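The values are calculated or read from the model by the stated rules, or taken from the named source; none is laboratory data. A quick note: this is a predicted structure, and the numbers were derived from the prediction, not measured. Cβ placement follows ideal geometry from the backbone for every residue including glycine, while neighbour counts extend to all protein chains displayed. Side chains included, ligands, DNA and RNA excluded: accessible areas come from the protein's heavy atoms. Shrake-Rupley method; radii C 1.70, N 1.55, O 1.52, S 1.80 Å.
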Amino acid sequence: MADLLTKFDPLIEQREALLETGLTDPFNLVMEKVESPTVAICNGKRTILLGTYNYMGMTFDPDVVAAGKQALDDFGSGTTGSRVLNGTYAGHKAVEQALKDFYAMDHAMVFSTGYQANLGIISTIAGKEDYIILDIDSHASIYDGCALGNAQIVPFRHNDVEALDKRLKRLPPEAGKLVVLEGVYSMLGDVAPLKEMVAVSKAAGAMVLVDEAHSMGFIGDHGRGVCEAQGVIEDVDFIIGTFSKSVGTVGGFCVSNHPKFEILRLVCRPYVFTASLPPSVVATAATSIRKLMDSADKRAHLWENSKRLHAGLRQLGFKLGTDEPQSAIIAVLMPDLETGAAMWEALLHEGLYVNLARPPATPAGMTLLRCSLCALHSEDQVGEILGMFAAAGRATNCIS
Amino acid sequence: MPDRQQIYAKTLGLLEPFNKKGVAVTEATRFAQDLEWDSLTVLDFVANIEDEFDVIITMNMQAEIETVGQLVDALVRLTDSRG
C-alpha cells in the first residue's frame, strides 16, 4: 500500500528537528484560562495576548456576552440546518441588518466563517470564461476560492498598481473580470493603495472585491475599512469581512449594493451546503457590530497603541514589516525560522503571546513575529510588552 | 511576429538571473525539479516573461507548463493568437 501521507515527510522532519532542540511547539499552545481580551493563562502563567486579532476587544463586552446568553435560552444551542432550509432564525436576519446598517449597503449575506465567505463568493461569481486578477500575497481563503471555481487566475505583484493595470489591459476587453484585493494584508500589516487600484480596475471594466477582514471596526471614520478611509467604498462591488476579528466571535460575510445580490443565496455552495451559525453567535455578532458603529474613542486608542509599539520596537532595534504603522498589525521580521521560534519561546517565558508566522503563509519566505494590538491594551500593557521584547530580544541575540 | 527560435532565446535570457544553481538549460529542463524553483521565483519569472512578450500566462496555464520547451510553445501560441 502506498502511504498517502509520505508526501508530508519533509514537514514532519523539519518539525521534529525544531522540537528536538527543546523548544516549545509554537503551533500547539493551549490557553488554560482567558481572563480578558488582553490576558490569558498559558502553562500556568499570566500572559499578555498580542496575537489574537481581537482588535476592538469585544469578546468580553458585557452587552455582547448577555446577548449570547439570552439567545442560547431563547433559541437553543444550534440551528442544525442550512440557511436556505431550516437554518435561518430571526437572529440571522438581525445580524444581516446590523451589517447593512454598519456599511450603509443594500445587501448582506452571512456565512459560517470568513474563509467560507471568500470561498463562496469568489468561486460562485467568476465562471470559466471569466478572469480573477489577484494580488500575489492574497490570503489562503482567496486562493482556495479561486481553486474551488474554474475561472482563469491572473496574479500580480503585491500592491503594485502598474502590474495590475498592465494585466487588466492585456485581457480581452469583453471578458468578465473580478479584481480581488485586501484592505490590510495580514502578514506585514500593510495597507493596499485601494484608491489607485479601484480606479484602474473600474477603467478596465472589472468588478472589484475587497477583503476587509483586518480593518473592520478600526480603519475609516465609521470603521468600514480601508475602502472607506481611501474614499472608494462606493466603487467597490463586494466587501468581504469576518466576525472573528474586531467583532469578536466567528462567522463571515459579504456586503454589496449589487441589485442581483440576493440570488447568490441560492447558487453559492459554501453558503447552502453547510449549517448556519448558532443563535448565540449571531446574537453576539449583531450586538458587537452595532456597538462598533459608535467606537471612535476606542479606534483612537488603538491607533495610539499601534504607533507606540511600532516606534518602541524600532527603537529597540527590531526590523519591522512596514516603515510606518499602517494598521493594528505590527510584524517583526526574524532572520530565520530557528531564531524566530527561539524568540517566540523567549517572549512566552516573559509572559507575552504573539503569532509565529512562517512560509508558506508568509511572503518571500519570511519568518515573522506578528503582533496584533487590541483597543483594550492599556498604556501600561504596551509598556510591559516593550520591556518583554527588549529582554527576549537580548536573550536570543536578536538585538544588542 | 517573432519566430520560435527568437522566443526561445529571449526566454533563456530572462531565465538566467533566476538560474541560481547554474543548470545547463535546454528545452527539456523542468522548472520545479531541475531548476528547483519555489512558487515565488516562478511568480517573479512569469511576471518578467509576461512583460517582455506582452501576454498573460494564467495560473491555470502555468499548471500545465513543466518544461522550458512547453513555456516556449505556449508563448508561440499566445503571441500568434494576437497576430
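Quick notes on this one:
- The test for being closer than 27 Å to residue A:160 by Cα and either crowded, with 17+ Cβ neighbours inside 10 Å or among the β-branched types (Val, Ile, Thr) (or both) holds for residue B:74.
- Residue count, segment A:251-301 (criterion: among the β-branched types (Val, Ile, Thr), outside any helix (DSSP H, G or I) and under 20 Å from the mean Cα position of the chain (by Cα)): 1
- Scan of segment B:56-71 for residues that are open to solvent by 10 Å² or more (accessible area, probe 1.4 Å) and not in a helix (DSSP H, G or I), ordered by number: B:56, B:63, B:64, B:65, B:66, B:67
- Candidates A:110, A:154, A:184, A:95: the one that is within 14 Å of chain B (Cβ to nearest Cβ), among the β-branched types (Val, Ile, Thr) and buried (at least 18 other Cβ atoms within 10 Å of the Cβ) is A:154.
- Residue identified as surrounded by 14 or more Cβ atoms within 10 Å (Cβ to Cβ) and over 30 Å from residue A:296 (Cβ atoms) among A:19, A:85, A:5: A:19
One line per residue, one yes/no per condition, for (1) assigned to a loop (DSSP other than H, G, I, E, B); (2) surrounded by 22 or more Cβ atoms within 10 Å (Cβ to Cβ); (3) within 13 Å of chain B (Cβ to nearest Cβ):
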position: A:137; (1), (2), (3): yes, no, yes
position: A:150; (1), (2), (3): yes, no, yes
position: A:163; (1), (2), (3): no, no, yes
position: A:172; (1), (2), (3): yes, no, yes
position: A:179; (1), (2), (3): no, yes, no
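- Criterion: open to solvent by 40 Å² or more (accessible area, probe 1.4 Å), over 20 Å from the mean Cα position of the chain (by Cα) and in contact (Cβ under 8 Å) with a residue 24 or more places away in the chain - qualifying residue of A:348, A:316: A:316
- Test: residue in segment B:12-30 that is outside any loop (DSSP other than H, G, I, E, B) and of a type in the set (S, T, N, Q): no
- Scanning segment A:13-30 for residues that are within 26 Å of the chain's Cα centre (by Cα) and in contact (Cβ under 8 Å) with a residue 12 or more places away in the chain gives A:24, A:26, A:27, A:29, A:30.
- Filter result for the condition that a residue is under 21 Å from residue A:301 (Cβ atoms), surrounded by 19 or more Cβ atoms within 10 Å (Cβ to Cβ), touching a Pro at 6+ places or on another chain (Cβ under 9 Å) and at pLDDT 95 or above, over A:225, A:220, A:189: A:189
- Among (1) under 22 Å from residue A:134 (Cβ atoms); (2) among the hydrophobic types (A, V, I, L, M, F, W, C); (3) more than 14 Å from every other protein chain (Cβ to nearest Cβ) - the single one residue B:23 does not satisfy: (1)
- Scope segment A:113-132; condition β-branched (Val, Ile, Thr), open to solvent by less than 10 Å² (accessible area, probe 1.4 Å) and under 20 Å from the mean Cα position of the chain (by Cα); matching residues: A:121, A:122
- Within segment A:40-63, the residues that satisfy the criterion of being more than 20 Å from the chain's Cα centre (by Cα) and open to solvent by 10 Å² or more (accessible area, probe 1.4 Å) are A:41, A:43, A:44, A:45, A:46, A:61, A:62, A:63.
- Taking first residues from segment A:169-187 that are of a type in the set (Ser, Thr, Tyr) and partners that are open to solvent by 10 Å² or more (accessible area, probe 1.4 Å) and outside any loop (DSSP other than H, G, I, E, B), the Cβ contacts under 9 Å between residues at least 6 apart in sequence or on separate chains come to A:185/A:191; A:185/A:363; A:186/A:370.
- Only one of A:298, A:291 that is more than 30 Å from residue A:89 (Cα to Cα), among the basic types (Lys, Arg) and in contact (Cβ under 8 Å) with a residue 60 or more places away in the chain: A:298
- Considering residues of segment A:234-250 that are outside any loop (DSSP other than H, G, I, E, B) and more than 17 Å from residue A:329 (Cβ to Cβ) only, the residue nearest to the chain's Cα centre (by Cα): A:240
- Taking the criterion of being touching a Lys or Arg at 6+ places or on another chain (Cβ under 6 Å) and more than 14 Å from every other protein chain (Cβ to nearest Cβ), the residues of segment B:32-83 that qualify are B:66, B:67, B:76.
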